[in-house]
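Have a look at the structure below, then the notes.
The values are calculated or read from the model by the stated rules, or taken from the named source; none is laboratory data. Note that the structure is predicted; figures quoted are calculated from it, not measured. Heads up, the Cβs are rebuilt from the backbone with ideal geometry, glycines too, and the neighbour counts pull from every protein chain shown. For accessibility, only protein heavy atoms count, side chains too; no ligands or nucleic acids. Shrake-Rupley method; radii C 1.70, N 1.55, O 1.52, S 1.80 Å.
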Amino acid sequence: MRDICSHNSLLSLTKALEKIQQSLPIISGEESIILPHALGRVLSQDCFAPFDLPSFPNSAMDGYAFHSDDITEAAFSLKLVGTSWAGNPYSGEVQRGECIRIFTGAVLPSSLDSVIMQEKIKIVETRIHFPNNIQAKENIRYIGEDVKKSALLLAAAKQLSATDMGLLASAGLYEIKVKRKIRIAFFSTGDELSSIGSQLNAGQIFDSNRYTLMALLTNPCYSVNDLGVMPDDKNTIRNCLISAAKSHDVIISTGGASVGEADFIQEILNEIGQVDFWKLAIKPGKPLAFGQIGNCCFFGLPGNPISVIATFQQIVTPALQQLSGLAVKKTLQLKAMCKSPLFKKAGRQEFQRGILKQIKPGEFEVISAGRQGSNILSASSRANCYIVLSREQENVAINEFVTVEPFSTWI
Ligand code: AMP
Ligand code: MG
């Protein structure tokens, strides 16, 4: 508790997210695309059902269709007069005392109202024998039971899932209107950085952040532009930002965002745009610059690889969701029993990397993924969750419960 006082000047993640949310512009513009290209895109308009779904009454089973008036309390039999195939309806009449063979999805003739599943009957020559206790009007899919004609199929701002693709296809909607992609440019800064594929000179390291960002930005709603590595040179970075801001909605940089001698991001932003620079009360990822250059949003992320990932996920992702026209979603959080000690000082909210295990459905255990330094990529690569520790939390003992955020629903 004592330590937290010295961290009072740090901005909480919640406050930072609120500030960003309030200052983001609304990106307008839509495009027409065809359904095969629509997965993951965000609808810009409501979609309505052009006809009833289903559009005709049909069988939910492979079986026999009949009329409920023919049901008797005791077992009974009906004469088999034909077949309704899926895609090839029965075209004849069906009288009382008669039935037809019917398959799943096949049209139910208008003179019939019930289907019995094939496992329940016996066939004796041309007659179908029904057992007693038959229920009327079962195994039928009714007109419009899924969606009625002209009813809302999917609302604007919905991000299209695999199921939505099926829903739109079932209504025959091939061309749809979606929000335009947001144009994102990103680059790394640092004199020590060399791009993979080239030689490393003394004191150089390979630029890894750009490859992480490339992956994190792989999203059907984003159109992404890799601007490469910039040296720690004010003019180069300034020119790059001015030019990229003209043709992008968002620029993301990594490195140079702190207050060291070679950290120019804040200074440049002050000159060419508006900047909010924060020391965030999170670990990893303390220094973060956020601002605007004209109409373009700028995120100056820290340079350390794990800080890049954490600030991207916790701060940039919600902002990009909002810019894409989506409602900002909450990350799934679970409680897990911690099976390794965790080291923490009060002061900053921490996103420690953990390995989550499902003991049985709904019961979870987690251990630390290893060294927690913001430069340690290997432990993060082993991790499958964040262990989220509040600002005031101190060391965690074995068997204490902690909050975790799984990286995916498969663990
Ligand atoms: P900075 O924020 O520029 O002071 O960088 C902090 C640390 O992150 C330093 O150790 C940098 O070498 C490292 N770093 C910065 N950018 C990258 C990058 N693109 N890839 C890998 N490490 C980086
Ligand atoms: Mg640097």
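Within a straight-line Cα-Cα reach of under 26 Å, Lys335 can be paired with the following lysines, leaving aside sequence neighbours fewer than 8 residues apart in one chain: Lys15, Lys283, Lys286, Lys344, Lys345, Lys357, Lys360. Phi angles of segment 110-123 translate, via the Karplus equation with coefficients 6.51, -1.76, 1.60 and θ = phi - 60°, into HN-Hα couplings of 5, 7, 10, 9, 9, 10, 10, 6, 4, 5, 8, 10, 10, 9 Hz per residue; Gly and Pro are given as x.
Relative contact order of the chain, taken over Cα pairs closer than 8 Å and 6 or more residues apart, is 16 percent.
Rounded to two decimals, the Cα-based Rg/Rh of the chain, with Kirkwood Rh, is 1.17. Remark: the Ala202-Ser32 segment gains 56.1 nm on full extension, using 0.36 nm per residue and subtracting the alpha carbon distance.
The lysines whose alpha-carbon is closer than 20 Å to the alpha-carbon of Lys120, local same-chain residues fewer than 8 away aside, are Lys79, Lys137. Note on the chain: GNM, Cα springs under 10 Å; of Glu119, Glu138, Glu261, the largest mean-square fluctuation is that of Glu119. Entry comment: accessible area of segment 123-218 is 57 Å² per residue, from protein heavy atoms only and a probe of 1.4 Å. Per-residue ellipticity at 222 nm from helix content only, as computed over the chain with -39500 (n - 2.57) for each DSSP H run of at least four residues, stands at -5000 deg cm²/dmol.
Taking 7 Å steps out from each Cα toward its Cβ at Ala156 and Leu39 produces label points 2.7 nm apart.
So, counting K/R as plus one and D/E as minus one, what does the shell of residues with Cβ under 11 Å around Lys234 add up to? Around Lys234, the charge tally is -4.
Quick one: among Asn139, Asn295, Asn239, which has the greatest mean-square fluctuation in a GNM of the chain with alpha-carbon springs under 10 angstrom? Greatest mean-square fluctuation among the candidates belongs to Asn139. Short to long, the 10 Å bins of the Cα pair-distance histogram for segment 58-141 hold 21, 60, 19, 1 percent of all pairs. Taking Phe401, Phe186, Phe66 as the candidate residues, the one with maximal mean-square fluctuation in a Gaussian network model of the chain, Cα springs under 10 Å, is Phe66. When the pairs Lys158/Lys179; Lys149/Lys177; Lys246/Lys330 are compared against a 22 Å limit on Cα-Cα distance, Lys246/Lys330 fall above it. Atom-type composition of the exposed protein surface of the chain places 51 percent of the accessible area on carbon and sulfur (1.4 angstrom probe).
You can think of it this way: the chain between Lys79 and Arg96 has 5.2 nm of extra reach, that is 0.36 nm per residue less the Cα-Cα gap.
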